[in-house]
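What follows is a single structure, written as structure tokens, with notes after it.
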Amino acid sequence: MSKKQFKTESKKLLDLMINSIYTNKDIFLRELISNSSDALDKLLFISLTDKNIDVEKDELKIHVDIDKESRTITVTDNGIGMDKKELEDNLGTIGQSGSLLFKEENSDNKDIDIIGQFGVGFYSAFMVADKIEVVSRKYGEKEAYKWVSSGASGYEIKEEDDAPWGTKITLFLKENTDEFSYDKYLEDYEIEGIIKKYSNYITYPIIMKKEESRLKEGSKDEYETVVEEETINSMIPLWKKNITKDTEEEFNGFYTDNFHDYEKPQKIFKNNIEGKINYTSLLFIPSHAPYDYYQKDYEKGLALYSNGVLIMDKCSDLLPDYFNFVKGLVDSPDVSLNISREILQKDAQISAIAKSVEGKIEKELKTMLEKDREEYIKFFKNFGTNLKFGIYNSFGMNKDKLQDLIMFYSSKEEKLITLKEYVDNKKDDQNKIYYATGESIDKIKMLPQLESFKEKDIDVLFFDDYIDEFTVSVLREYESLEFTNIANEDVSLSSEEDKKKIEKENTDAKDLLESMKEALSGKVTDVKFTDRLTNHPVCLTTKGNVSTNMEKIINAMPTDESVKSETVLEINVNHDIAKKLKDVFETNKDELKSYATILYEEARLIEGLGAEDPATLSKLVCELISK
Ligand code: ADP
């Protein structure tokens, strides 16, 4: 019988497979098993509609057998099978070859991951085999046929005697090379591992023969080797089960096994979506940040399955950056293993799923926040910074999704609260959201500017996370209330009358303040009296948008960017020091310079900034004490 040639496009794909250096050759088995599973589906389907066909689901099986001697692997199913024409059409041609087009457009990218991501069906077997035999008999027909090909040279089809219905595919493994040992596919545990990884949730049993040594019947010390059949796959995708007290352990185990965590997840949630898009998602929130979470090469993503068959370990398109901590999977019948579908369309499909998944995560977090505050705070301590970063990074574009998920420490409540809670509990006439920044809650508590807020019982949010101030600088306001740093020069809680009073104080002391400013030139842009302090003698405030805290952070970043905040030294007008300064200004202008420096350094110390010039400070203090 004469050899037939493959159709041109098929030949190209074949060449790609034969010469593939694609590292993940393992997926050939996934492809063959998926084809078998499809063939079993088809037979089951027609048996449901055609009364003359009598097959039961439990007799439908896939066998994977290894023969070390002949160096072959066979994949056998009792599915629908193929007749002669189908063998010719299906295995001799590739009708639509989306993958091929894709490959050609990206031809400098030799081993594109398309093989791994979408599969290339039957031909992928040529990555590991140099000869393939397919024996098939279509269900209900008498004749069986054998299709044989040794790759690019073409294929032959002959009649085959006496084959059961279904399809048996035999792969003759390639010779080992220096780079790759094809012998690995002759090891039970290798094949078993590949089946478990990619095809664990195929709904038909995938059976392997296992040799076992056991005591001979009636004998005490004589062993015999028996061959037993073992089902390798678990068949029911875990995500088809409900999360209950009974199955919880199974879900936890699935998480720790698959997502390389030693601790069970904090939260597991599952969704079944049917309608325009169809998918099941099984998602986990880790109970701690992964060790590499804050590293550059941390990869977000969800595993992507198509009807229980793993397509991709980590599909990053399924998760937005701000939910990058979520682990889990999506299984969708809409995403086909079959490469021949339009890739673009697939992308649209994936982005529709991604959008829906994002909504589910958002909802889950909101519910947790409302129903289980303690749990949410635990979550927030792990991943809250990332949510705030999500707002900052998108220039506020995602603020509607995220601003009600972030929390800050409240000076009044002395615990984390949401922005909504802050606004709901604020004073009626308060038209700003006040915040204070610092390295830690304890340090912020010591800020002199807080005094007047405490006295007037106004809540202040403590920003101890470096990202906080940047996040609100992007938010600008919440429910029309502007975010305001209490260390801003403009902030005043005084009445109009008091404001006028202090203004007058400052005008009267113009010369005194001017000479202090001169003494501190380069350090502050202004010196003034204030009524914002009660017990503290001095504090530093800033003019404009760049706070002292932001200055510190931006300047610490490994970029060329550098900013300078405009600092104002404010002196408590009601403190004894105010009177003293006025006296010194009259009697000893030189000494005023020392006072200015000491007060400036003191203000820095109170705010946790550290002294700018500790040596001078201590010299000046000693001089004063020694007087
Ligand atoms: P795909 O599965 O993506 O359509 P393949 O190259 O893997 O592409 O297979 C081509 C076709 O060959 C399948 O669509 C199917 O009709 C047929 N086929 C492959 N394997 C089997 C099998 N085990 N039993 C029946 N038909 C099969």
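Kindly evaluate Asp583 against the criterion of being surrounded by fewer than 17 Cβ atoms within 10 Å (Cβ to Cβ) and charged (D, E, K, R).
yes
Of the residues making up the stretch 270-313, those that are touching a residue at least 12 places away in the same chain (Cβ under 8 Å), on the phi < 0 side of the Ramachandran plot and part of a loop (DSSP other than H, G, I, E, B) are Lys276, Ile277, Asn278, Pro286, Ser287, His288, Ala289, Pro290, Tyr293, Tyr298, Glu299, Lys300. Within the stretch 557-566, can one find any residue that is in contact with a strand residue (DSSP E or B) (Cβ under 6 Å, 6 or more places away or on another chain) and assigned to a strand (DSSP E or B)? Yes, the conditions are met somewhere in the stretch 557-566.
Any residue that is open to solvent by 40 Å² or more (accessible area, probe 1.4 Å), among the hydroxyl-bearing types (Ser, Thr, Tyr) and within 28 Å of Ile62 (Cβ to Cβ) - is there at least one of those in the stretch 210-223?
Yes; the residues of the stretch 210-223 include at least one that is open to solvent by 40 Å² or more (accessible area, probe 1.4 Å), among the hydroxyl-bearing types (Ser, Thr, Tyr) and within 28 Å of Ile62 (Cβ to Cβ).
When you look at Glu59, is it more than 15 Å from the ligand (Cβ to nearest atom), closer than 27 Å to Glu175 by Cα and acidic (Asp, Glu), yes or no? Against the criterion (more than 15 Å from the ligand (Cβ to nearest atom), closer than 27 Å to Glu175 by Cα and acidic (Asp, Glu)), Glu59 does not qualify.
Each row is one residue, and each column tells you yes or no for (1) over 15 Å from the mean Cα position of the chain (by Cα); (2) surrounded by fewer than 21 Cβ atoms within 10 Å (Cβ to Cβ).
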position: Met368; (1), (2): yes, no
position: Tyr376; (1), (2): yes, no
position: Asn382; (1), (2): no, yes
position: Thr385; (1), (2): no, yes
position: Phe389; (1), (2): no, yes
position: Gly396; (1), (2): yes, yes
position: Asp400; (1), (2): yes, yes
position: Asp404; (1), (2): yes, yes
position: Met407; (1), (2): yes, no
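Going by the structure shown, is Asp246 out of contact with any helix residue (DSSP H, G or I) (no Cβ under 9 Å at 6 or more places or on another chain) and part of a loop (DSSP other than H, G, I, E, B)?
yes
Against the list (1) within 14 Å of the ligand (Cβ to nearest atom); (2) without any contact (Cβ under 8 Å) to a residue 24 or more places away in the chain; (3) not charged (D, E, K, R), the condition Leu171 fails is (2). Filtering the stretch 501-508 for residues that are of a type in the set (Val, Ile, Thr) and under 51 Å from the mean Cα position of the chain (by Cα) leaves an empty set. Restricting attention to the stretch 181-209, the residues that are surrounded by 15 or more Cβ atoms within 10 Å (Cβ to Cβ) and away from the ligand (no atom under 16 Å from the Cβ) total 13. A residue that is open to solvent by less than 30 Å² (accessible area, probe 1.4 Å), among the small types (Gly, Ala, Ser) and part of a helix (DSSP H, G or I) cannot be found anywhere in the stretch 606-624.
Among the residues of the stretch 150-170, those that are within 11 Å of Leu87 (Cβ to Cβ) and crowded, with 18+ Cβ neighbours inside 10 Å comprise Tyr155, Ile157, Thr167. Counting only residues that are hydroxyl-bearing (Ser, Thr, Tyr), within 15 Å of the ligand (Cβ to nearest atom) and closer than 29 Å to Tyr204 by Cα, the stretch 1-46 holds 3 of them.
The requirement of being part of a helix (DSSP H, G or I), surrounded by 17 or more Cβ atoms within 10 Å (Cβ to Cβ) and modelled with pLDDT under 95 is satisfied by Asn549.
Search the stretch 292-311 for residues being open to solvent by 40 Å² or more (accessible area, probe 1.4 Å) and over 18 Å from Ile273 (Cα atoms), and hand back the single one that is nearest to the chain's Cα centre (by Cα). By that ranking, first place goes to Lys300.
The values are calculated or read from the model by the stated rules, or taken from the named source; none is laboratory data. Being a predicted model, the structure only gives us computed values, none of them experimental. As a convention, Cβ positions derive from the backbone with ideal geometry for all residues, glycine included, and neighbour counts pool all protein chains shown. The area values use the complete protein model at the heavy-atom level, side chains included, leaving out ligands, DNA and RNA. Shrake-Rupley method; radii C 1.70, N 1.55, O 1.52, S 1.80 Å.
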